[in-house]
Amino acid sequence: MRVLVVDDERLIRWAIGETLTGKGHTVVEACDAAAARQLMQDTREPVDVVLLDYCLPDSHDFRLLDDLHRLSPASGVVIMTAQNDPALTAAALDHGARRVLDKPFDLTVLDAAVREAAAA
């Protein structure tokens, strides 16, 4: 599967990318909302799943999630957040996220989360 990792922390993008690449996925990265939108607009290859950090320097709400659904309706989105807030989780699911991962999370859950999001 082709997975877009959107996180402003380079080390987190790297760790997620290495983990998913090791499981056979193709990983592309974006460091902020603007880069994610641009990548989704410009890509010729479909993105199966987006791992999206909720809190980015240029995005602190669900507008990016909504935009990603508009740009690629078939892409499953998994929100990653350090806020650990049940209301945020409920809102993310209401906006179409297929799962919410509370940071920090064990990297071993990523492959299953990606596969679940793609299948839903």
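The values are calculated or read from the model by the stated rules, or taken from the named source; none is laboratory data. This structure is a prediction, so every number in the text was calculated from the model and none was measured. Note that each Cβ is placed from the backbone with ideal geometry, even for glycine, and that neighbours are counted across all protein chains shown. Side chains are part of the model used for accessible areas, which takes the heavy atoms of the whole protein and leaves out ligands, DNA and RNA. Shrake-Rupley method; radii C 1.70, N 1.55, O 1.52, S 1.80 Å.
Counting only DSSP beta bridges whose two residues both lie in the chain, roughly 5 percent are antiparallel.
What 222 nm value per residue comes from the helices of the chain, counting each DSSP H run with n ≥ 4 as -39,500 (n - 2.57) and dividing by all residues, nearest 500 deg cm²/dmol? Display every interim value, and only then the final one.
On the way: 5 runs with 51 residues, N = 120.
About -12500 deg cm²/dmol.
Computed from point charges on the beta carbon alone (+1 for Lys and Arg, -1 for Asp and Glu), the dipole magnitude for the chain about its Cα centre is near 340 Debye.
With a probe of 1.4 Å, find how much accessible area segment 6-120 has per residue, and write the answer as a whole number in Å². If you can, show how the numbers build up before the last one.
Numbers: 6000 Å² over 115 residues.
For segment 6-120, the solvent-accessible area averages 52 Å² per residue.
Mind giving me the FRET efficiency for Leu11 and Arg44? R0 is 41 Å, r the Cβ-Cβ distance, nearest 0.05 is fine. Calculated value: 0.90.
Derived from the Cα gyration tensor, the three semi-axes of the equivalent ellipsoid of segment 31-120 are 19, 16, 12 Å, largest first.
Summarising the amide proton neighbourhood of Lys103: residues at separation of 5 or more, or on other chains, whose placed amide H is nearer than 5 Å comprise Thr81, Ala82, Gln83, Asn84. Label positions at Lys103 and Asp85, each projected 7 Å from the Cα along the C-beta direction, are separated by 1.5 nm.
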